[in-house]
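J.: Attaching a single structure in structure tokens format; questions to follow.
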Amino acid sequence: MNQDRIEGNWLQFKGKVKEQWGKLTDDDLDVIAGKRDLLLGKIQERHGINKDEAEKQVDTWRERNPTNFFERY
């Protein structure tokens, strides 16, 4: 996927991400920049949950908010 598209989609959806995980900071969201692994790590760190729970939350959120903004690494 084109990097500009990923970044553009991320800018569009990061507000929704912050609504879901309110403890994430704007700086966190800038670092995450659409990278799923970084989002999972920051959710774990800020919300004090394990990786499995973070993945479950992200997967559930994505089902409710279908998008293609995550960059897979």
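J.: List the residue pairs whose Cβ atoms are under 8 Å apart, where the first residue sits in segment 21-43 and is among the charged types (D, E, K, R), the second is surrounded by fewer than 16 Cβ atoms within 10 Å (Cβ to Cβ) and part of a loop (DSSP other than H, G, I, E, B), and the two are 6 or more positions apart or on different chains.
T.: Within 8 Å, the pairs are Lys35/Tyr73; Arg36/Arg72; Arg36/Tyr73; Asp37/Tyr73.
J.: If you don't mind, there's one more thing I want to ask. Which members of segment 34-60 meet the condition of being modelled with pLDDT under 95 and either among the basic types (Lys, Arg) or surrounded by fewer than 16 Cβ atoms within 10 Å (Cβ to Cβ) (or both)?
T.: Passing the criteria: Lys35, Arg36, Asp37, Asp59, Thr60.
J.: On to the next question. Which ones in segment 24-41 are among the charged types (D, E, K, R) and in contact with a Lys or Arg (Cβ under 9 Å, 6 or more places away or on another chain)?
T.: If we filter segment 24-41 for residues that are among the charged types (D, E, K, R), which is where we start, we get 26-28, 30, 35-37.
Across segment 24-41, the qualifying residues are Asp26, Asp28, Asp30, Lys35, Arg36, Asp37.
J.: Just for segment 1-30: of the residues that are closer than 22 Å to Ala54 by Cβ and small (Gly, Ala, Ser), which one is modelled with the lowest pLDDT?
T.: Among those that are closer than 22 Å to Ala54 by Cβ and small (Gly, Ala, Ser), it is Gly15.
The values are calculated or read from the model by the stated rules, or taken from the named source; none is laboratory data. Keep in mind that what you see is a predicted model, and the values were worked out from it rather than measured. Virtual Cβ from ideal backbone geometry, glycine too; neighbours counted across all protein chains shown.
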